[in-house]
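Okay, so here's the structure we're looking at.
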Amino acid sequence: YALQGSRWRVKGLTYKISKYPKRLKRADVDAEILRAFSVWSEFTDLTFTPKTSGPVHIEIKFVESEHGDGDAFDGMGGTLAHAFFPVFGGDAHFDDAELWTIGSPRGTNLFQVAAHEFGHSLGLSHSDVRSALMAPFYRGFEPVFKLDSDDVLAIQALYGKRSTQGGNGLNPTSGGAYPKTTQKPIFSPPKTPRDDQLCRDPKIDALFNSADGETYAFKGNKYYRLTENSVADGYPKSISDGWPGLPGDIDAAFTYKNGKTYFFKGTKYWRFNGRSVDGDYPKEISEGFTGVPDHLDAAMVWGGNGKIYFFKGSKFWRFDPLKRPPVKSSYPKPISNWEGLPNSLDAALQYTNGYTYFFKGDKYYRFNDRTFAVDYADPPFPRPSGHWWFGCK
Amino acid sequence: VYTGPVSTTTQAEIYLSQFGYLPASARNPSLGGLLDASTWTKAVQDFQSFAGLNVTGELDEETMQLMSLPRCGVRDKVGFGSDNRSKR
């Protein structure tokens, strides 16, 4: 993340919408703007109070083309909105030539753009993290909005952590729900704690995110789809039913940025496009992943550089499909380079919150890519994966 | 007031607006904006194409490295010269 260089001296901020968009109802806009501010107040002691008149900290208006600040809007597309940093007043302007929408994949989602702009109003610049709200471009409607850990760290760097913290600590985005929200807070406790085979033995073979955003855990001949805090209803299912042609007892799996999912077992690997095998598989690992050993422990794609990391025993290999050779001669390297991680891992996954999680036995470790070490937390890592990931009693 | 490092993204935004790939407002230090994804990607792609790089639309290491090199910044009446000036 990046900070612009200024912030508000007070935590109780006021705002008003001095000009509403032409195509939306005022009450709906009020609710979405409040919800967008709540994205930031959830993780800090900041409060945002709407006013209808008088001076305020943040003035919001929907305007078109030249609107008095010297930075004219450019019609539909292009620049969607802009906001001034605190030292320049904090006001937020939205281009009313856009088709502002609420809860719809059509047009431009008001809530997401407003939450981004208010980040600027509070002192945040654009982040290098693509998944962050403060990335410089609008990625389209996200029905389930989650604030990236990068954004949380950014806002807390300016305003500190919320003094009355909710959530369970697995994810910095846990905590209170947004008001009038259509999204749900992630990692809230499951309604009905589970008690099944996975809970009795939470050691897993592999864990990966699919191209459509689901997270799956593989164990033996079964697989589980994970929800925010547990296992989805109706699971486990048979791997042979879910991924026809794939055997059980998988060693490792990951989904690459081409959307294909790769599974590894023994000396072989399979490539799947969704749930269908993507050609003539299995193939030898030595054929498709030159320089990577057989009989892997774990694999993952690290979002920081898009490279693939393979783990086996006390060593890891970094694989870059775009380079020749794809594994540099300086590999393998010791897993001890990843501060706090044990050898002989079972599974690895970069989760949607930006943290990287490693699983071994019945426990997991949360690795912080920013400090490049296993996180210090209370309770400390490793933590029991049954309780924190699989919704077990 | 905290003065921290400027993100790679912000450096790229300033550069791309300076040379005509993004709106001039992207280098206004008093505000931050949000672009639609296609505008951003096209700006990066246009620069990569102009510079003879692989056209990926991603701010990869090679692209950022090229942006950090000294280059001609011919000024015209409206500011810096643009890579995108059209011929009459």
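Rule-based calculations on the coordinates, nothing more; no lab input. The model shown is predicted, which means the values in this text are computed figures rather than measured ones. In this analysis, Cβ positions are derived from the backbone assuming ideal geometry, glycine residues included, and neighbour counts consider all displayed protein chains.
Worth a mention:
- Kirkwood Rh in Å, taken over the protein assembly as shown so that all alpha-carbon pairs contribute: 24.3 Å
- Where labels lie 7 Å past Cα in the beta-carbon direction, separation of B:Met64 and A:Arg9 in nm: 3.6 nm
- Sites A:Thr47 and A:Glu214 - FRET efficiency at Förster radius 35 Å, r taken between beta-carbons, to 0.05: 0.45
- Dipole magnitude for the protein assembly as shown: about 300 debye, using +1 per Lys or Arg Cβ and -1 per Asp or Glu Cβ, origin at the Cα centre.
- Among residues other than A:Gly70 with Cβ under 14 Å from its Cβ, the summed charge is -4 (Lys and Arg +1, Asp and Glu -1).
- According to the calculation over all Cα-Cα pairs in region B:5-71, the P(r) per 10 Å bin from zero is 21, 60, 19, 0 %.
- Over chain A, dividing the summed -39,500 (n - 2.57) contributions of all DSSP H runs of at least 4 residues by the number of residues returns a 222 nm mean residue ellipticity of -4000 deg cm²/dmol.
- Helix axis angle, A:110-122 relative to chain A longest principal axis, alpha carbon, degrees: 80 degrees
- FRET efficiency for B:Val55 and A:Lys260, using Cβ-Cβ distance with R0 set to 25 Å, rounded to 0.05: 0.65
- Restricting the calculation to Cα atoms, region A:281-371 shows an Rg/Rh of 0.95 when the hydrodynamic-style radius is the Kirkwood one.
- Lysines whose Cα lies under 21 Å from that of A:Lys363, excluding same-chain neighbours fewer than 8 positions away: A:Lys203, A:Lys219, A:Lys222, A:Lys312, A:Lys315, A:Lys393
- Over all pairs of different C-alpha atoms in region A:252-295, the reciprocal of the mean inverse distance, the Kirkwood hydrodynamic radius, equals 10.5 Å.
- Among A:Ser314, A:Met76, B:Thr63 the positive-end extreme of the charge dipole of the protein assembly as shown (Cβ point charges): A:Ser314
- With the gyration tensor restricted to C-alpha atoms of region A:56-137, the semi-axes of the equivalent ellipsoid amount to 18, 17, 12 Å, longest first.
- When the Cα positions of A:Pro50, A:Asn229, A:Leu13 are compared along the charge dipole of the protein assembly as shown, A:Asn229 comes out farthest toward the positive end, with charges on each C-beta of Lys, Arg, Asp and Glu.
- Between helix A:26-41 and chain A: long-axis angle, C-alpha atoms, 0 to 90°, nearest 10: 60 degrees
- Helix A:149-159 axis versus longest C-alpha principal axis of chain A: approximately 40°, rounded to the nearest ten.
- Summing +1 for each Lys or Arg and -1 for each Asp or Glu among the other residues whose beta-carbon sits under 9 angstrom from that of A:Val301 gives +2.
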